[in-house]
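These notes concern the structure reproduced below.
The values are calculated or read from the model by the stated rules, or taken from the named source; none is laboratory data. Everything numeric here is computed off the predicted structure, so don't read it as measured data. Here the Cβ is made from the backbone with ideal geometry for all residues, glycine too, and neighbour counts use every protein chain on show.
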Amino acid sequence: MNETNQVNASEPAITIRAMQESDRAAVLLMARELVAEGDTYAFDAAISDAALWAFWCPSAHGRGYVLVRDGEVIAMYMIRRNHAGPGGHIGNAGYAVRRDCRGQGLGGIMGRRSLDHARELGFKAMQFNIVLASNTAAVRAWLKLGFDIKGTIPDGFQLPDGSYTDFHIMYRRL
């Protein structure tokens, strides 16, 4: 499943495809950037590469995707069920853009396409469990894509500087 998306007419096309084993090094590079930054995902600093790979490339009840430009993986997202059993019809997703490729509109491309992929995977809705209130760009992007804030957890996430920020639980029917 390869799809091509043109971000900017003057930029090379971006292909979105299912994640594969040959993407492991690029996926882990982006995942390690997120762990080091510590301000978007609730990853333990000591998380193993195997656990990061399993998170981004779920083998059961989900799928990982990469965005490729000029033969390089520049961003990724994964979609998986949020809960097992009776809650398995609600999906969850995570997104990452390589540090040197941020600010190029890739998040919007991933957000829009991931909703289509979630439908294709059979999910009836999407729920994001931790969207940091301090990540205003993400909050705006998800609201623009039709998500609602269903709840806010005060001081629910500790930032690297020791301060705390609220996080939102966001939801959207598909």
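Looking at (1) out of contact with any helix residue (DSSP H, G or I) (no Cβ under 6 Å at 6 or more places or on another chain); (2) modelled with pLDDT under 95; (3) among the hydrophobic types (A, V, I, L, M, F, W, C), can you tell me which one ILE90 breaks? Unmet condition: (2).
Among the residues of the stretch 12-28, those identified as in a helix (DSSP H, G or I) and closer than 15 Å to ARG69 by Cβ are ASP23, ALA26. Can you give me the number of residues within the stretch 42-64 that are out of contact with any strand residue (DSSP E or B) (no Cβ under 7 Å at 6 or more places or on another chain) and either at positive phi or among the hydroxyl-bearing types (Ser, Thr, Tyr) (or both)? Residues that pass the stated criteria total 2. Assigned to a helix (DSSP H, G or I), in contact with an Asp or Glu (Cβ under 8 Å, 6 or more places away or on another chain) and under 27 Å from LEU159 (Cβ atoms): does that describe LEU34? For LEU34, the condition - assigned to a helix (DSSP H, G or I), in contact with an Asp or Glu (Cβ under 8 Å, 6 or more places away or on another chain) and under 27 Å from LEU159 (Cβ atoms) - is not met. Looking only at residues of the stretch 66-113 that are on the phi < 0 side of the Ramachandran plot and of a type in the set (Asp, Glu), we find that the one that is surrounded by the fewest Cβ atoms within 10 Å (Cβ to Cβ) is ASP100. Within the stretch 148-163, the presence of at least one residue that is crowded, with 18+ Cβ neighbours inside 10 Å and within 16 Å of PHE43 (Cβ to Cβ) is confirmed. Only one of the numbered conditions (1) among the hydrophobic types (A, V, I, L, M, F, W, C); (2) over 13 Å from the mean Cα position of the chain (by Cα); (3) under 25 Å from GLY64 (Cα atoms) is violated by ILE153, and that is (3). Exactly one residue among ALA60, ALA25 is more than 27 Å from GLY162 (Cβ to Cβ), of a type in the set (A, V, I, L, M, F, W, C) and at pLDDT 95 or above, and that residue is ALA25. Close contacts from the stretch 45-66, counting a first residue that is touching a residue at least 12 places away in the same chain (Cβ under 8 Å) and a second that is aromatic (Phe, Trp, Tyr), with Cβ to Cβ under 6 Å and a gap of 6+ residues or different chains, come to GLY64/TRP56; TYR65/TYR77. Summed over the stretch 100-119, the residues that are touching a residue at least 24 places away in the same chain (Cβ under 8 Å) and under 17 Å from ILE14 (Cα atoms) give a count of 13. Comparison of LYS124, LYS144 shows that the only residue that is surrounded by fewer than 17 Cβ atoms within 10 Å (Cβ to Cβ), closer than 26 Å to GLY62 by Cα and touching a Leu at 6+ places or on another chain (Cβ under 7 Å) is LYS124.
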